1. Between Asp60 and Glu93, what is the spin-label point distance in nm, taking each point 7 Å from the Cα along the Cα→C-beta axis?
2. I'd like the FRET efficiency for Thr323 and Ile72, computed as 1/(1 + (r/R0)^6) with the beta carbon distance as r and R0 of 35 Å, rounded to 0.05.
3. Packing-wise, with mean Cβ within 10 Å as the measure, how do 364-373, 158-167 rank, highest first?
4. Residues with beta-carbon under 15 Å from that of Asp140, excluding Asp140: net charge, scoring Lys, Arg +1 and Asp, Glu -1?
5. As a footprinting exposure proxy, order Ser76, Ser197 by other Cβ within 10 Å, with the fewest listed first.
6. At what distance in nm do the modelled label points of Gln368 and Leu79 sit from each other, each positioned 7 Å from its Cα along Cα→Cβ?
7. Want the number for Ser360 to Thr40: 0.36 nm per residue separation, take away the alpha-carbon distance, what's left?
8. If R0 is 35 Å, what FRET efficiency do you get for Arg117 and Arg427 from their C-beta distance, rounded to 0.05?
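Every read-out reported here was derived from the displayed coordinates using simple, explicitly stated rules and does not represent laboratory data. All values reported here derive from a predicted model rather than from experimental measurement. Positions of Cβ are generated from backbone atoms using ideal geometry, with glycine treated the same way; all protein chains shown enter the neighbour counts.
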Amino acid sequence: MPRPSKASARHVPGLPSTTFVLDNGGFTIKAGFAPTDPGTDDATLSRCHTIPNAIVRTRDRKTYVGSESAEITQWSEALFRRPVENGQVVSWEAQKEIWDRSIFDEKTAGKDVLVKRPEETTLIFTEPPNSMPALEKNADEIIMEEWGFGGYSRMIGPSLNAYNDLHSLFEEAPAPTPDTLAPPPVECLMVIDAGYSHTIITPLYKGRPLHRAIRRLDFGGKHLTNLLKEMISVRHFDLHQDTKIVNDIKEEVCYVSKDFRGDVEKTWKGNKGRSTPIPVKVRDGDDVDSMDVDEQDEEVRVDYVLPDGIHLLKGFSRPHDPTPAAKKRKRAALAGASIDSEITMTLGNERFAVPEILMSPSDIGSKQPGIPDIVMQSLSVLPPLVQATMLSNVLVVGGCAKIPGFVERIEAELRAKVKTEWEVRVRKMKDPVTSTWLGGASMASRLPSVVREYGITKEEYWEHGSAWATRRFTYGDK
């Protein structure tokens, strides 16, 4: 893909110069205006707003749509209606209501994400690979006929990651400065999008997906939450109606094991025989940022304090306390001895057994292969030289990429499956959840000619229709 000159890149005729990027995920929506001039990733990400993609009804019978759920303080028994299932929008009424309230309604949308004049805005909208034509047509009609955007480009979400600064991530070249145009997309890139309802493997060549090599695993963050919910409900407390609480537990304590059998042995043998470090939470000021390896704490088990909805609105974890006094406090809390008593549970193999299904779905009876095997299936349809290049540029995005040990485990398993002379590099962005949105915003600000090549104006849509628009989104203006 040729790089445009600096002069021509600043103005592309036809499409409105203001660009709004909408990454419509199953768990959250990432939305915001792309900067007019290129800037740093941090400056660009400050424009991105993460909006829950759900309609929530709490047990006091109040309904919260999209970003309104930030007002909820009591999550126990909250019911969720999600318009996206298995990566596809299945409830357009619910999806449109969330979009309208979170992006277009002046009363409920944030001022930095509010689209006041869609006719003067170009929309970059993401979709999963191999979407059904009927769903694509529904999206086109809402965006162009109901909202009336002046410009529109519907792109496969994983492909936008090619426009991020990956050259420095993969140690190929220094990052561009804000005053220069972005380098062209990484020539060969393998994107593992481990999202809420599924995981998709998408090989990219010069920013475009190789459709015959795209593979899908029907497991994602939702399935991890549901499995953890079952395990906790059987072993500790009945949390079947507390999806949000269990999801918080998953994000707080789960990790992908480097040695699954070894960690299983540790949970059986208690404190005996522990010799390898286990990922634990790292606290940055008042915020629990991420998990890392603590060489001093080799205990697999942790204690999790459940929220009570009154004094404690969100649960938290802490190192396991096996003393009799701790057990006595737990029994007292269960008996309701004191209003200030904490309700705790001890989590052991749940921490690593739950994320393990992404690597080995057969653990729960599924016949699907795990992520490393699906990556190898995807590579098998590509020429050997391309396979080697893809393996040296593997990018993991999506919410599951934030699970500690996830990226390292994929790299280790791929390393064991390929030739020794091939280089295997698996990386993730600083924030893998907003990585796709950032790629779309970077493309719009640094390479607007690409948006024009694969985008359409409102006049073109009304003249040629949705079927023509789909061909344009796929093949460009060639």
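1. If labels sit at Asp60 and Glu93, their model points lie 2.7 nm apart.
2. Values: r = 36 Å, r/R0 = 1.02.
Taking R0 as 35 Å, the efficiency between Thr323 and Ile72 is 0.45.
3. Output ranking for 364-373, 158-167: 158-167, 364-373.
4. Numbers: positive: Lys96, Lys137, Arg154, Lys458, Arg471, Arg472; negative: Glu127, Glu136, Glu141, Glu145, Glu146, Glu459, Glu460, Glu463.
Result for the neighbourhood of Asp140: -2.
5. Numbers: Ser76 15, Ser197 20.
Ordered from fewest to most neighbouring Cβ atoms within 10 Å, Ser76, Ser197 come out as Ser76, Ser197.
6. 2.7
7. On the way: separation 320, 0.36 × 320 = 115.20 nm, distance 3.82 nm.
Here the answer is 111.4 nm.
8. On the way: r = 38 Å, r/R0 = 1.10.
Efficiency for this residue pair is about 0.35.
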